[in-house]
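Participant: The structure is given below, and queries will be raised subsequently.
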Amino acid sequence: MAEKLPDVVMPACPSRRLLEGQKALVTGANSGIGKAVAIALGEAGADVVVNYVSGEEDANAVVQTIHRGGAKSYAHRADVSQEDPVREMFKKMCHEFGTIDILINNAGLQRDAPFDEMTLDQWNLVMRVNLTGQFLCAREAVREFKRRGVVKEVSCAAGKIICMSSVHEIIPWAGHVNYAASKGGVMLMMKSLAQEVAPHRIRVNSIAPGAIRTPINRPAWETPEAYAALMKLVPYNRIGEVDDIGRAAVWLVSDYADYVNGISLVVDGGMTLYPGFATGG
Ligand code: BGC
């Protein structure tokens, strides 16, 4: 039996900084989507731990940007695929910030290869970072959310997790079998975890970005020819920007989304709308 939880009081004033007083951890926050989400959470009033594994200077620059907005922040180096460093990272965060309210499970990578040339190392690395890393961080977060419970002055929920997934949790992706398999895994990990911890009023959701302009997919947008080819896959006819994901993340972890649980929020300009069928089929 779940404990009796307080009734929900929705935030009254829409102009209030949505995440004031909340403590967030963003993994892989030194660049790309993670960086934009960390800065957006800071702008919304959250204090933010900026996790990185390489790129210390970039991580420190993200911290400085968050400081300029008035929120607390520090950078923490940890490989999310390693159990002890992940536990250390959460321990330090609870020491520095008192607790955690928001986990953004963002760290991820690609190691692309034709299937018959894919090495076991390429397969394992992608699974370790993209899937096991999300498991290890979510487990630590859930432990703290359950220990602390709802603090209604802070949020309606006892904690919020966003798993950064991809349109490739839906769209098969030849030449990227390890990556698509990891994101398919993230989808059912997220939903199963959401189902398990919902009675504790913990919300677990994913964001499934489409083509966002980041270093991970530079070849897909950096030349006019590549960009034009990419646009054939995007009905909205523009590439996504990292702020598109930052804004979605702020909403999804805020109390405005308090009844949203176990979904993949697709942010893709319509990439998952089967654009090939716009004129065919
Ligand atoms: C991948 C990108 C790709 C996008 C759309 C993302 O998950 O990381 O490389 O451009 O999906 O295909």
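Participant: If you take the charge dipole of the chain about its Cα centre, with +1 on Lys and Arg Cβ and -1 on Asp and Glu Cβ, which of A220, S155, A36 is farthest toward its positive end?
Facilitator: About the Cα centre, the residue reaching furthest to the positive side is S155.
Participant: Ignoring ligands and nucleic acids, what accessible area does V253 show with a 1.4 Å probe (Å², nearest 10)?
Facilitator: 0 Å²
Participant: Leaving out ligands and nucleic acids, and using a 1.4 Å probe, what accessible area per residue does the chain come to in Å²?
Facilitator: Computed with neighbouring chains in place, this is 49 Å² per residue.
Participant: By how many degrees, between 0 and 90 and to the nearest 10, does the Cα long axis of helix 133-148 differ from the longest principal axis of the chain?
Facilitator: Result, in degrees: 20.
Participant: While we're looking at this one, here's another question. For K23, K92, K152, give me the order by solvent-accessible area with a 1.4 Å probe, most accessible first, ignoring ligands, DNA and RNA.
Facilitator: Ranked from most to least accessible, the order is K152, K92, K23.
Participant: So what are the three principal axis dimensions of the chain from its Cα atoms, in whole Å, longest to shortest?
Facilitator: In descending order, the Cα extents are 52, 43, 39 Å.
Participant: Measure up K91/K191; K23/K92; K4/K91; K23/K152; K152/K191; K35/K232 against 20 Å on the Cα-Cα distance and list the ones that go over.
Facilitator: Result: K91/K191; K4/K91; K152/K191; K35/K232 exceed 20 Å.
Participant: To continue, here is another question. E56 accessible area, nearest 10 Å², 1.4 Å probe?
Facilitator: Looks like 110 Å² after rounding.
Participant: Label-point separation (nm) for E222 and W173, each offset 7 Å from Cα along Cα-to-Cβ?
Facilitator: Distance between label points: 1.8 nm.
Participant: For the range 32-107 and the range 234-281, compute the distance between their C-alpha centroids and round to whole Å.
Facilitator: Centre-to-centre (Cα) distance: 24 Å.
Participant: Test of understanding: what is the full-extension gain from D258 to L109, defined as 0.36 nm times their sequence separation minus their Cα-Cα distance?
Facilitator: Contour length minus the Cα-Cα distance gives 50.7 nm.
Participant: Here's another thing I want to ask about it. For E96, E241, give the ranking by accessible area with the largest first, probe 1.4 Å.
Facilitator: Putting E96, E241 in descending order of accessible area: E96, E241.
Participant: Amide H of S73: which non-local residues (sequence gap of 5 or more, or other chain) have their own amide H closer than 5 Å, using H built in the peptide plane?
Facilitator: Those lying under 5 Å, H to H, from S73 are V48.
Participant: Using helices alone, what [θ] at 222 nm do you get for the chain, with -39,500 (n - 2.57) per DSSP H run of 4 or more residues, divided over all residues and rounded to the nearest 500?
Facilitator: -12000 deg cm²/dmol
Participant: Then there is this: Please state the charge dipole magnitude for the chain, taken about the Cα centre, from unit charges on C-beta atoms (+1 on K and R, -1 on D and E), reported in debye and rounded to the nearest 20.
Facilitator: Here the size comes out at about 700 debye.
Participant: If I model a spin label at R238 and E83 as a point 7 Å from the Cα along the Cα→Cβ vector, what separation in nanometres do I get?
Facilitator: The two pseudo-label positions are separated by 4.6 nm.
Participant: Collect residues whose amide H, placed 1.01 Å from N in the peptide plane, falls under 5 Å from the amide H of V267; neighbours closer than 5 in sequence don't count.
Facilitator: It is A208, G210, by chain and number.
Participant: Report Rg/Rh for the range 185-281, rounded to two decimals, where Rg is the Cα radius of gyration and Rh the Kirkwood radius.
Facilitator: Answer for the range 185-281: 1.06.
Participant: Rounded to the nearest 10 Å², what accessible area does D84 show when all protein chains are kept and the probe is 1.4 Å?
Facilitator: Accessible area of D84: about 110 Å².
The values are calculated or read from the model by the stated rules, or taken from the named source; none is laboratory data. Source: prediction; values computed, not measured. For neighbour counting, all protein chains shown are included, and Cβ atoms are generated from backbone atoms with ideal geometry for every residue, glycine included. All accessible areas refer to the heavy atoms of the entire protein, side chains included, with ligands and DNA or RNA removed. Shrake-Rupley method; radii C 1.70, N 1.55, O 1.52, S 1.80 Å.
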